[in-house]
Structures are given as structure tokens and as C-alpha cells.
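Okay, structure first, notes after.
Just so it is clear, none of the values below were taken in a lab; they were calculated from the coordinates. Here the structure is a predicted model, which is why all the values come from computation and not from measurement. Note that each Cβ is placed from the backbone with ideal geometry, even for glycine, and that neighbours are counted across all protein chains shown.
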Amino acid sequence: MQVAGQIPGKSVDQVVKYYRALADELRRIDAGEVPLPRYKDENGETPAAAGPTGKGAKSGTDQERRKGIPWSEEEHRLFLMGLAKFGKGDWRSISRNFVISRTPTQVRLISLAHSFAERTASLT
């Protein structure tokens, strides 16, 4: 409440109402109830599936995502940058801050594939 009283031009009630709406929106995003934005790829095209569409009925884009859309070189580069910053295991942060077109589960799976490829390469 002390912080809310220090925001010029807004009443404490307005700040509290805005904060609660923001907290609820963040909760909905974390729960997967809000679809990810559909960003254009390096070719200027919008990918068929940009992420979860929330709970409920499956859409056509969910079916396409299930088939497995290959990772682009840019997504791999962003993954490696996120891995360097957040380390192995913080898949949610890597997904939210670096590879925003992929879910935390997809980021975890690409990490497993990346580790497998490194081990396989070291054997040859």
C-alpha cells in the first residue's frame, strides 16, 4: 500500500486494482491459458504453431505442432544463449526469455537431444 500511495496521478484503489489484474494475467499465462504470440520466422512467415493454445479442444495448429516442427538455426542459437545464462534445468526461463516460440518442455527435450549429440560426437 505504501508503494501504491507514491504513484502520481493514481489512487491507491486504482493501483491495487491494476496490480490484481496484472497478477491474474500472469497466473493465466503461467497456466498456459493464454496463447503465445505468433512471431514471424527469418523468412517473414508466421509458423503454423507458435505454442500452447490453452486448455480445451485441440485446434488444427495443435495437430501440426504434434507432428514436430524442426528447430531453426536461430532457435538453436537462442537456446544456447539461454542455456549459458540460466544453466541446465531452468527450461521455463530459457523458454520465456530466449526461445519464446517453444514451450519449456520443448526446450528441455532439445537439451536432451543436444547432450546426446555431444556424447555421440565425442565417441567418434
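Before moving on, here are some points about what is shown:
- At R0 = 30 Å, FRET efficiency that the Cβ-Cβ distance of residue 122 and residue 72 yields, to 0.05: 0.75
- Put in line by how crowded their Cβ is, counting other Cβ atoms within 10 Å and starting with the fewest, 98, 86, 116 read 116, 86, 98.
- Magnitude of the charge dipole, the range 70-124, Cβ model with Lys/Arg +1 and Asp/Glu -1, debye to 20: 220
- Label-point separation in nm, residue 27 to residue 80, each point 7 Å along Cα→Cβ: 4.1
- Likely footprinting exposure, 77, 92, 119, fewest C-beta neighbours within 10 Å first: 119, 77, 92
- By other beta-carbon atoms within 10 Å, ranking 91, 71 with the fewest at the front produces 71, 91.
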